[in-house]
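Below: the structure, in structure tokens.
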Amino acid sequence: MSGVREIAFDTETTGFDARGDDRVTEIGCVELIDFLPTGKTWHAHINPQRDISARVTEITGLTAEFLKDKPLFKDIADGFREFVGGSPLIAHNADFDRGFINAELERAEFDPYPRKRFIDTLVLARRKFPGASNSLDALCKRFDISLASRTTHGALIDAELLAKVYLELKGGRVQSLDLGGEQQQAEVISSVARSRPTALPPFLTDKEQAEHEQFIASALGEKPIWKRGQV
């Protein structure tokens, strides 16, 4: 592997209309290097400056009362942009998250992120499991990823689950193995194939060895194929 950095992220919002009245209420990001989480994360709750419906609160656990003293997006934008840097952004149903992140970036007078920068795990899953349910929950169950840590749809928790799902969609943990190129692989194979410097002592007694040779002679004759040509 070459140390490829990617960011798995998730957003929570007040609704579905990124270009209308709805706003981002939470962002969670997880750093991946070569498809594996490094332990580095970035997380923020955001004041949307508007009411939150009971249905959204039921899903996310977030209320307008809880968020009213949290920073505005423009106040956390620099921290978010610094954490993600120039890395590809991984999201489940990426058009949704991209739409909200870009709308917030533009309101804060930053350039939006291009579509080509986003990796959509929903698209990857539909290619791999056509016709199946490919929600994040369904993929976690398919890959035996525990959902015990999730009681509501929190952005950081979902980003952590997404990172695990992304790893599985890209081929599982074997994808992270790196033997360091052909030379190192040859050295590994060579080290496995080396002869033992001192032969192990026989485990058979003299009596058992004689009985074994007698059995071979009675079954295959005095000259079995592996002894032919020997003096």
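Taken together, the values in this text are just the output of simple stated rules run on the coordinates, not laboratory data. In this text, all values refer to a predicted model and were calculated from it rather than measured experimentally. So basically every Cβ, Gly included, is an ideal-geometry build from the backbone, and we count neighbours across all protein chains shown.
Using the structure shown, list the pairs from K40/K74; K116/K164; K68/K164 with a Cα-Cα distance above 27 Å, or answer none.
Values: K40/K74 22 Å; K116/K164 22 Å; K68/K164 32 Å.
Flagged as over cut-off: K68/K164.
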Open item on the list: I need V4, V56 ordered by Cβ neighbour count within 10 Å, fewest first.
Closed with: V4, V56
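How much net charge surrounds P114 when only other residues with a Cβ under 15 Å from its Cβ are counted (Lys, Arg +1; Asp, Glu -1)?
Numbers: positive: R81, R98, R115, K116, R117; negative: D95, D97, E106, D111, D120.
Combined, the nearby Lys, Arg, Asp and Glu give 0.
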Open item on the list: What number does the stretch 5-176 give for Rg over Rh if you use C-alpha atoms and the Kirkwood radius?
Closed with: 0.95
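How long is the gain from T38 to E65 if the chain were fully straight, where each residue apart is worth 0.36 nm and the alpha carbon distance is subtracted? Can you show the working numbers first?
Numbers: separation 27, 0.36 × 27 = 9.72 nm, distance 3.36 nm.
Here the segment from T38 to E65 would lengthen by 6.4 nm.
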TODO: Could you size up the charge dipole of the stretch 15-68 around its Cα centre, putting +1 on the beta carbon of Lys and Arg and -1 on that of Asp and Glu, and report it in debye to the nearest 20?
DONE: 100 debye
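Normalised by the number of residues in the stretch 1-147, what is the relative contact order in percent for Cα pairs under 8 Å and 6+ residues apart? Don't skip to the answer; put the middle values down first.
Details: 215 pairs, mean separation 30.2, N = 147.
Reported as a whole number, the value is 21 percent.
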Task: Gained length - K116 relative to E213, 0.36 nm times residue gap less alpha-carbon distance - done: 27.8 nm
Open item on the list: Please report the net charge: other residues with Cβ closer than 14 Å to the Cβ of R142, K and R +1, D and E -1.
Closed with: +1
Task: Packing-based exposure ordering (other Cβ within 10 Å, fewest first) of Y113, Y166 - done: Y113, Y166
Task: Two-decimal log10 I(q)/I(0) for the stretch 1-99, as the Debye equation yields it once each C-alpha is a single scatterer, q = 0.19, 0.20, 0.25 Å⁻¹ - done: -0.95, -1.02, -1.37
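How do K116, K68 rank when sorted from fewest to most other Cβ atoms within 10 Å of their own Cβ?
On the way: K116 7, K68 10.
Taking fewest neighbouring Cβ atoms as first place, the list is K116, K68.
Students often check this: by mean Cβ neighbours within 10 Å, which of 88-95, 156-163, 23-30 ranks highest, and how do the rest follow? Numbers along the way, then the final one.
On the way: 88-95: 19.9, 156-163: 22.5, 23-30: 24.5.
Highest-to-lowest ranking by the protection proxy: 23-30, 156-163, 88-95.
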